[in-house]
Amino acid sequence: MIKFFRHIRQNLLSEGKTGKYLKYAIGEIILVMIGILLALQINNSNELRKQREEEAIILSGIQKDFIETRANILKTLTREEKVILNCRDLIDAIETQDYSINPDTIAFKMNRGAFSWYRAEAVMGTYDALIGSGKTSIIQNQELLNALANFSSRYNAGFEDESKANDLFNLMMSASKEFLPPLSDLSTRRALGLKKKYSTNDKLLAVKQLYKNDTFLAYLIERTRWETIRSIHQKQLLHDLNKILYEFNFSELIPEKDLYKKHSGTLSL
């Protein structure tokens with residue numbers, strides 16, 4: 001093809017047709033430029049197609065991760081609700097010195113309240129990989145990116161000083177050493193292979209010691225306060241997470257207010 005165009009140019013020059021030669025040369029340049037532009041357009045279209053395909057894969061991963069995270073948070077909210085209720089029941093029993101409550105019930109409230117806590121784990125592998133790759137610009141939905149950043153910020157910031165939380169737990173354990181063994185969780189004792197069995201009288205004595213322990217009561221009240229804050233934090237995470245899933249038109253979502261009522265009784269945000 002190049003030889004063909006060169007032959008035409010040589011013929012025009014040899015015949016002295018300078019004007020036609022210039023017009024032909026300009027036309028040839030225009031054709032070359034059009035060819036280059038077409039090639040660039042095809043290349044850009046291919047790159048854009050690859051980006052959209054990569055974006056679709058990333059979005060699918062994000063949606064899957066956050067649907068799982070939402071399920072984790074809803075499960076945790078339900079568990080936290082029970083922990084708080086058990087703590088409150090135990091506080092009421094201690095403060096009112098209610099000996100009509102079965103010692104096994106007190107033991108249950110202690111093990112499933114005072115010494116239980118839950119934290120939802122967010123599944124953020126796809127989003128973290130996106131941030132790590134520096135390819136956030138591949139996502140066209142800016143509202144989604146903002147929602148993801150807000151959730152990630154709240155989740156990573158947490159809401160408590162973990163060292164203080166551990167210290168409080170250790171103080172509660174220390175304050176309960178006189179009465180905890182007879183009221184300890186039976187399934188845990190079995191799992192540990194502990195052979196000693198406590199009688200009803202042992203448990204009644206442990207309850208009396210519990211009711212007289214003002215130090216443990218003070219720690220329990222603080223523990224309940226922290227768990228309530230934890231629950232509020234989880235609701236805030238759910239609020240931010242729903243904004244993410246709204247961008248995917250997630251069909252299983254119900255109005256946030258109904259979700260909060262279902263798991264907390266009130267809308268506290």
Candidate set from the range 87-104 (those that are open to solvent by less than 60 Å² (accessible area, probe 1.4 Å) and part of a helix (DSSP H, G or I)); member that is nearest to residue 224 (Cα to Cα): 87
Qualifying residue in the range 59-69 (condition: assigned to a helix (DSSP H, G or I) and of a type in the set (Phe, Trp, Tyr)): yes
Some residue of the range 100-122 being acidic (Asp, Glu) and under 13 Å from residue 237 (Cβ atoms): yes
Count - residues of the range 231-269 that are of a type in the set (Asp, Glu), modelled with pLDDT under 90, in a helix (DSSP H, G or I) and touching a helix residue (DSSP H, G or I) at 6+ places or on another chain (Cβ under 7 Å): 1
Residue satisfying condition, being open to solvent by 70 Å² or more (accessible area, probe 1.4 Å) and farther than 30 Å from residue 84 by Cα, within set 162, 143: 143
Conditions (1) surrounded by 13 or more Cβ atoms within 10 Å (Cβ to Cβ); (2) under 18 Å from residue 246 (Cβ atoms); (3) not small (Gly, Ala, Ser); number of the one not met by residue 110: (2)
Some residue of the range 192-201 being modelled with pLDDT of 90 or more and surrounded by 15 or more Cβ atoms within 10 Å (Cβ to Cβ): yes
Subset of the range 42-86 [modelled with pLDDT of 90 or more, closer than 26 Å to residue 135 by Cβ and either of a type in the set (Asp, Glu) or more than 21 Å from the chain's Cα centre (by Cα) (or both)]: 65, 68
Subset tally (residues that are free of Cβ contacts under 8 Å to residues at least 24 places away in the same chain and in a helix (DSSP H, G or I)) for the range 187-203: 6
Scope the range 178-191; condition at pLDDT 90 or above and farther than 23 Å from residue 95 by Cβ; matching residues: 181
In the range 228-240, residue farthest from the chain's Cα centre (by Cα) [restricted to those that are of a type outside the set (D, E, K, R) and surrounded by 19 or more Cβ atoms within 10 Å (Cβ to Cβ)]: 231
Count of the range 64-86 residues which are open to solvent by less than 60 Å² (accessible area, probe 1.4 Å) and among the acidic types (Asp, Glu): 2
Residue in the range 206-227 that is open to solvent by less than 30 Å² (accessible area, probe 1.4 Å), at pLDDT 90 or above, farther than 18 Å from residue 123 by Cα and within 19 Å of the chain's Cα centre (by Cα) present: yes
Selected residue (only one of 130, 171 is open to solvent by less than 60 Å² (accessible area, probe 1.4 Å) and either touching a residue at least 40 places away in the same chain (Cβ under 8 Å) or of a type in the set (A, V, I, L, M) (or both)): 130
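The values are calculated or read from the model by the stated rules, or taken from the named source; none is laboratory data. Predicted model, so just to flag it, every value in this text is computed and none were measured. Neighbour counts run over all protein chains shown; Cβ positions are idealised from the backbone, glycine included. Heavy atoms of the whole protein, side chains included, go into the accessibility calculation; ligands, DNA and RNA do not. Shrake-Rupley method; radii C 1.70, N 1.55, O 1.52, S 1.80 Å.
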